[in-house]
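Following: one structure in structure tokens, then a few remarks.
The values are calculated or read from the model by the stated rules, or taken from the named source; none is laboratory data. Not measured: the values here are computed from a predicted model. Cβ atoms come from the backbone with ideal geometry, glycine included; neighbour counts cover every protein chain shown.
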Amino acid sequence: MAKFDPTLAEIRFGNGLSPTIAPVPSVGDMLARLTGPDLNAQSFPIESFDRFRDRMKLKQAIARERRKLRGKPEGKELQKQIKLMQKDARIDWARWTGRAMMRRAWGQDGFRERLVGFWADHFTAQGKRGLLRRATAPYVEDSIRPHITGTFADLVVAATTAPLMLHYLDQQLSIGPNSDKAARMGAKAGLNENLAREVLELHTLGVGAQYSQDDVRQLAELFTGMIYTPQQGFKFQKDRAEPGAETVLGVSYGGGKPNIADIRAALVDLANHPATARHIAGKLAVHFVSDTPDPALVDALTARFLDSGGDLMQVYAALLDHPAAWQPDLQNVKPPFDFIASAYRALQPRADFFDTEDEKTMKQVMASQLTRMGQPWERPTGPDGWPEEDEAWITPQGLAARMHWAMVIPERMVALPDPRDFVDAALAGHAPEPLRFAARAAESRREGVGLVLASPAFQRR
Amino acid sequence: MTEFLNRRAFLARSAALGCSLAASPLVTPVSFAAAPWENRLVVIILRGAADGMDILRPYGDRDFAGLRPGAGRGIDATGAQDLDGLFALHPALAPLMPLYTRGQLGFVHAVSTPYRDKRSHFDGQDLLEAGTVDLASGAGRDGWLNRMLQHVPGIEAETAYAIGHDEMLLMKGTAQVADWSPDVGLRLSPQAVRLAEMVMHDDPLFRDAFAEAMLLSGGDAQGGLAARPMRMQDMVGDMTGNMGGNAMMGGMEPMAAMAAPEGGHTAAEINKAKRNQPHHKVAAFAGKKLRGDTRIAAFSLNGWDTHQGQDRSMGQALGRLSDTILTLRDSMGGPAWQKTTIVAMTEFGRTARWNGSGGTDHGTAGAMLLAGGALNGGRVLGDWPGLSESDLYARRDLMPTRDVRAHAAWLMRGLFGLDRAVLERAVFPGLEMGRDPGLLL
């Protein structure tokens, strides 16, 4: 029966092998590192959303001033300042993306980065305009990363109340039709169901579960009042809240004074629902193990989720303890971001690469490459995040872009290793013989290293 | 695979690979007879909300000059071309005038999707590409062009192409569609190609994708890709060019700034610079494919969100659109062009009035551009709603007088013979196609 293997642990549950960092020795260590200090984040800091709000506050103040001075030279100057702020945020966005890669390339705690990536995708949120377009990494830093070892309910509450989520799924626009604010605004005010729908469909129960349009509507009414402001971040504004109780999946919430606690109670119940347990168990198994996971694995994760009240550490332990998690054949194709991160881990570019390069270079080696591979970073087309299916990534164009990356970019970042050594460093016992042959037979280091990186053995995990 | 491979074994293996490659279903050349139809359709999504009232200026409307001081003044002064006494063509589209006079260019004005009021680019584009009435109920996960493909027989690997780096929801769905971007050059030395084939061989997903990638990129006239040893200078230069292309979020923005050295160009240099622009490459690639077995192609042109300095930005965006159409025509060749219809559509129009910064904000109705040898053009279709305050939508936008999907549906009915029921239920659920606008010859 398949069991834990340090190399496989790094490839499947981490970010691949490193020539200098020893693989994690046991499941116990994998779990212990998760609950220990977040060394990866300390080494490669990313701005918190609270700090990011300072940018929004400043921009809002300048924009207000500018409106008064429209048409005057001072107004032009302020316009320029706003442009510069946007440029700053754009450059920092590229640095954060680079640091997120470096956490994976240089960190000891690979499983943590993978879990953060998994949950950030599960709770996909993105800015639709202005500075917020750069706010995804700060959102993940504040609302996802600190909560991945708690209960799933903690995570649901943190993500649902995150300003970026409220913005992305239009909660900001939702006003209870019978609220005080609606009475003042008249016909312009109304409910927006977007967040409520996605919480049920994507974040908790899953689209196949038993819930109705009525549940969506009721949850949307319950959600009214949640907004954010640049000044305060998350805020519960009573005058937007729909009065009266709401019934979601047969349970009644609220009815007294509008209250964030009622919303939280509904989210906790949804998070602990059996349909949610199965939905999350299935997603974890698909993401970490295989597009078609062993049903026994999904059952085991579901059971542990329910037994432990959604204690995520328990669920991770059930995943890592299950034999199906350790089948030796490499399975899932790495999405582009994960592919590049694991290539970095094998190639070891300078840890401060993205702190010292200019915007254009960062774009050339990172954002544009991800876009070519089909993963424009932090811009999935919908709240359902990136696809898991191997076929979604390994299209002719997607594979060509990966090969292009493998042949062109490493040389710009590092002194290329000898391909014969590199195949061992990158894949150890997982390198098939034809790949070893290709590494020896290539015409140049560049093509040899490129072939290793482009190979199915390296692209899968 | 044996324990070690010597060179002879490797060569023998390569020969075997040649056979298995040819057997791959994705590499089977599409025979001409396999394509069930002769007509071609190119859909261009103009992302960012193109201003229909600037593309096609209603200078004959008595309220136009009041809404847009300057734009309506003497047609000669702005270089805009009169079309029919009511509308004048934006000066940047002047290179397309010969097509218009020959009936190979036409427009539909005051059209929109069913999307109203929110005016979000993302939602607007999703709805335009989904082809549905609204975005509720999980719509927006497949596109109308793909749903159309599901109703015609004989789809092959190269029948339909989504081209470029932008996600094309329009083409997403269960029907097989090839995705390709001509700038993803797979330039490998012959040795690397053979080694890559060997490395991919035992993994069918990778093997087939690689084979098709070689086929797609190998057909590129600029390449000689598989046969030409790769040079770093080329790769980096190529890459830099593409970066410029992505500089303004997405597909194919101008890169004139990057390509233009100070002190100006010779004519030859300008042409060369033009040829290297992403939109040009995309159009040339699409044209070449459509000359062959491809029947459907879709891609995006960006840069239409003209909140400020519209004079300049609109001129640039329309210049790219004009280049794109002419490049498609030139690379397609006569017979294929005669059977082709190009349709360019956008998520919504823009405000009827100038805003405070020489631009326009998000609006409602816009214009649809049609081109191609199969078109019965040379005219501006649509019911013009007028521009007086009470004629405007929400007192600010051009009023939509017809669903833009109706024209797309009539095109597909004319080009591919689809039943009205299929178009109104499966392709554009909830659409009432209405009267036939007679778009095709």
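In region A:329-356, which residue that is small (Gly, Ala, Ser) and under 14 Å from A:VAL449 (Cα atoms) is nearest to the chain's Cα centre (by Cα)? Among them, the one singled out is A:SER342. Criterion first (touching a residue at least 60 places away in the same chain (Cβ under 8 Å), assigned to a helix (DSSP H, G or I) and either under 21 Å from the mean Cα position of the chain (by Cα) or at the interface with another protein chain (Cβ under 10 Å from one of its Cβ atoms) (or both)) does A:PHE422 satisfy it? When the stated conditions are applied, A:PHE422 does not pass them. Taken over region B:124-143, the residue count meeting the criterion of being crowded, with 20+ Cβ neighbours inside 10 Å and at pLDDT 80 or above is 11.
For region A:11-54, the tally of residues that are loosely packed, with under 14 Cβ neighbours inside 10 Å and not hydroxyl-bearing (Ser, Thr, Tyr) stands at 11. Going by what's in this entry, would B:GLU424 be described as over 24 Å from B:GLU129 (Cα atoms) and acidic (Asp, Glu)? So B:GLU424 fails the test. Tell me yes or no: at least one residue of region B:354-364 is surrounded by fewer than 22 Cβ atoms within 10 Å (Cβ to Cβ), of a type in the set (Phe, Trp, Tyr) and in contact with an Asp or Glu (Cβ under 9 Å, 6 or more places away or on another chain). No; the residues of region B:354-364 include none that is surrounded by fewer than 22 Cβ atoms within 10 Å (Cβ to Cβ), of a type in the set (Phe, Trp, Tyr) and in contact with an Asp or Glu (Cβ under 9 Å, 6 or more places away or on another chain). Looking across region A:157-177, just one residue is without any contact (Cβ under 8 Å) to a residue 24 or more places away in the chain and farther than 16 Å from A:PRO383 by Cβ, and that is A:ALA158.
Counting only strands (runs of 3 or more DSSP E) that fall entirely inside region B:283-380 and contain at least 2 residues that are over 14 Å from the mean Cα position of the chain (by Cα), the qualifying elements are B:366-371.
Criterion applied to B:ASP142, B:ASP134 was being farther than 20 Å from B:GLY287 by Cβ, without any contact (Cβ under 8 Å) to a residue 24 or more places away in the chain and within 13 Å of chain A (Cβ to nearest Cβ), and the one residue passing it is B:ASP134. When B:PRO114 is tested against the conditions (1) within 20 Å of B:GLY143 (Cβ to Cβ); (2) free of Cβ contacts under 8 Å to residues at least 60 places away in the same chain; (3) part of a loop (DSSP other than H, G, I, E, B), the lone failure is (2). Count of region B:202-233 residues, restricted to those that are facing another protein chain (nearest Cβ under 7 Å), modelled with pLDDT of 80 or more and buried (at least 21 other Cβ atoms within 10 Å of the Cβ), is 6. When restricted to residues that are within 12 Å of chain B (Cβ to nearest Cβ), in a helix (DSSP H, G or I) and crowded, with 16+ Cβ neighbours inside 10 Å, region A:346-388 contains 12. In region A:303-316, the qualifying residues are those that are buried (at least 19 other Cβ atoms within 10 Å of the Cβ) and under 22 Å from the mean Cα position of the chain (by Cα), and the one that is nearest to A:ASN15 (Cα to Cα) is A:TYR316.
Screening the candidates A:ASP384, A:ASP390 for the property of being of a type outside the set (A, V, I, L, M, F, W, C), in contact with a strand residue (DSSP E or B) (Cβ under 8 Å, 6 or more places away or on another chain), touching a residue at least 60 places away in the same chain (Cβ under 8 Å) and over 20 Å from A:ARG99 (Cα atoms) yields one hit, A:ASP390. When A:PRO328 is tested against the conditions (1) in contact with a Gly (Cβ under 6 Å, 6 or more places away or on another chain); (2) farther than 22 Å from A:ALA392 by Cβ, the lone failure is (1).
To keep it simple, each residue is scored yes or no on (1) crowded, with 16+ Cβ neighbours inside 10 Å; (2) not aliphatic (A, V, I, L, M); (3) not assigned by TED's automatic domain parsing to the domain that holds B:MET314.
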site	(1), (2), (3)
B:ALA71	yes, no, no
B:VAL111	yes, no, no
B:ASP117	no, yes, no
B:ASN146	yes, yes, no
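If you take the residues of region B:297-339 that are within 18 Å of B:ALA286 (Cβ to Cβ) and among the β-branched types (Val, Ile, Thr), which of them is surrounded by the most Cβ atoms within 10 Å (Cβ to Cβ)? Per the criteria, the residue is B:THR324. Applying a threshold of 8 Å to beta carbon distances and a minimum spacing of six or more residues, or different chains, the list of pairs starting in region B:396-417 at a residue that is outside the structural domain of B:THR132 (by TED's automatic domain parsing) and in a helix (DSSP H, G or I) and ending at one that is at pLDDT 95 or above and of a type in the set (A, V, I, L, M) is empty.
You will find that of B:PRO385, B:PRO429, B:PRO437, the residue that is assigned to a loop (DSSP other than H, G, I, E, B), in contact with a Ser or Thr (Cβ under 7 Å, 6 or more places away or on another chain) and closer than 18 Å to B:PHE107 by Cα is B:PRO385 and no other.
Just to be sure, is A:LYS80 within 14 Å of another protein chain (Cβ to nearest Cβ), out of contact with any helix residue (DSSP H, G or I) (no Cβ under 8 Å at 6 or more places or on another chain), part of a helix (DSSP H, G or I) and of a type outside the set (Ser, Thr, Tyr)? In short, yes.
Among the residues of region A:88-108, the ones that are buried (at least 23 other Cβ atoms within 10 Å of the Cβ) and in a loop (DSSP other than H, G, I, E, B) come to 1 in all.
Each residue in region A:433-453 was checked for being more than 7 Å from chain B (Cβ to nearest Cβ) and under 21 Å from A:LYS334 (Cβ atoms), and 7 pass. Within region A:66-77, restricting attention to residues that are assigned to a helix (DSSP H, G or I) and within 14 Å of chain B (Cβ to nearest Cβ), the residue that is farthest from A:ALA425 (Cα to Cα) is A:LYS68.
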